[in-house]
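Structure record follows, encoded as structure tokens.
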Amino acid sequence: MRHNFLSIHNGLLSALLIFLAGCDTPGDAGNHTPPVAAPVAVHSAQHVTSCGDAGSAKRIAQALSLEVLEGMSVAEATAWKPCRNDCNGLTDQVFDTIYDAHCIISIRRVAEYMGAYPSAATTWHTFDKATGKRVLAADVLLANRTNALIVECNRRLRNAVNSERSYWKGEEQELFDACIKETRPFESRDLDHFYLTDTGIVFAYSFDFRHVVKNMEPDGDIVFTTADIRSFLRPDGLLAYLIQE
């Protein structure tokens with residue numbers, strides 16, 4: 001029997017447009033429809049503050065669409081793709097609001113795939129709700145402090161590697177060391193991959209271990225408290241409010 005596990009939640013995407021926009025006109029928000037229907041489930045909508053308009057909300061919805069994230073339409077995603085192991089590519093995706101304050105929203109996407117084996121991938125997306133644009137490192141970080149921040153991120157990653165390495169012994173530790181040799185250091189491009197929390201900012205780095213050794217992969221989340229990150233923030237940037245907290 002052919003199965004399609006990709007859940008299409010068009011109504012929830014419409015809800016995403018509404019609560020991201022923070023529409024204040026009664027009866028108007030519900031008329032906004034997404035430019036592209038995508039499978040999406042969003043939680044914690046009640047915590048999203050009013051900011052931006054329907055246009056900025058649509059830009060965020062487009063950025064989270066299958067066309068942008070997977071390079072495919074909903075029809076392509078839901079079409080059965082037979083393969084050697086009865087796989088169907090992307091099978092599901094869920095979005096959660098992780099942070100929403102000061103017109104900045106961080107959204108977590110968990111995508112599930114089926115191929116020779118099931119797999120999952122987590123990505124983070126931070127937006128300026130006033131404009132609908134993705135928030136990048138250049139929007140929030142001091143240019144003359146980024147090198148120091150990269151050095152600190154690599155230091156913290158080394159600590160994570162050493163902590164994970166101590167768990168493995170013998171041949172397993174040798175395998176772990178071999179996997180680490182295939183990784184790259186944290187670089188300037190990685191600074192764009194961050195999300196906010198109620199206590200600070202997290203840079204999301206992946207060691208990209210292969211599926212068969214994924215359980216050995218160190219934690220790549222580099223956590224900075226608000227106090228830790230203040231000296232790296234632009235006083236005129238989108239996160240300037242954290243300097244004052």
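Every number here is computed from the coordinates shown, using simple stated rules; none is lab data. Please read all numbers here as calculations on a predicted model, not as lab measurements. All Cβ positions, even for glycine, are placed from backbone atoms using ideal geometry, and neighbour counts span all protein chains on display.
Ordered by the number of other Cβ atoms lying within 10 Å of each residue's own Cβ, fewest first, LYS58, LYS133 fall into the sequence LYS133, LYS58. For LYS58, the aspartates and glutamates whose Cα falls under 20 Å of its own Cα, not counting residues fewer than eight places away in the same chain, are ASP24, ASP28, GLU67, GLU70, ASP96, ASP100, ASP128. Going by neighbour counts of Cβ atoms within 10 Å, the residues GLU174, GLU67 line up, fewest first, as GLU174, GLU67. The lysines whose alpha-carbon is closer than 24 Å to the alpha-carbon of LYS169, local same-chain residues fewer than 8 away aside, are LYS181, LYS214.
For ASP219, neighbours were defined as the other residues whose beta-carbon sits under 14 Å from its Cβ, and their charges (Lys and Arg +1, Asp and Glu -1) total 0.
Backbone amide hydrogens, once placed in the peptide plane, bring ILE98 within less than 5 Å of SER106, ILE107, ARG108, excluding anything fewer than 5 places away on its chain. Phi-derived couplings, Karplus 6.51 cos²θ - 1.76 cosθ + 1.60 at θ = phi - 60°, listed residue by residue for region 133-148: 8, 5, 8, 10, 4, 4, 7, 10, 9, 5, 4, 7, 10, 5, 4, 5 Hz, with x used for Gly and Pro.
Ranking ILE222, PRO235, CYS179 by how far each Cα lies toward the positive end of the dipole of region 160-245 (charges on Cβ) leaves PRO235 at the top.
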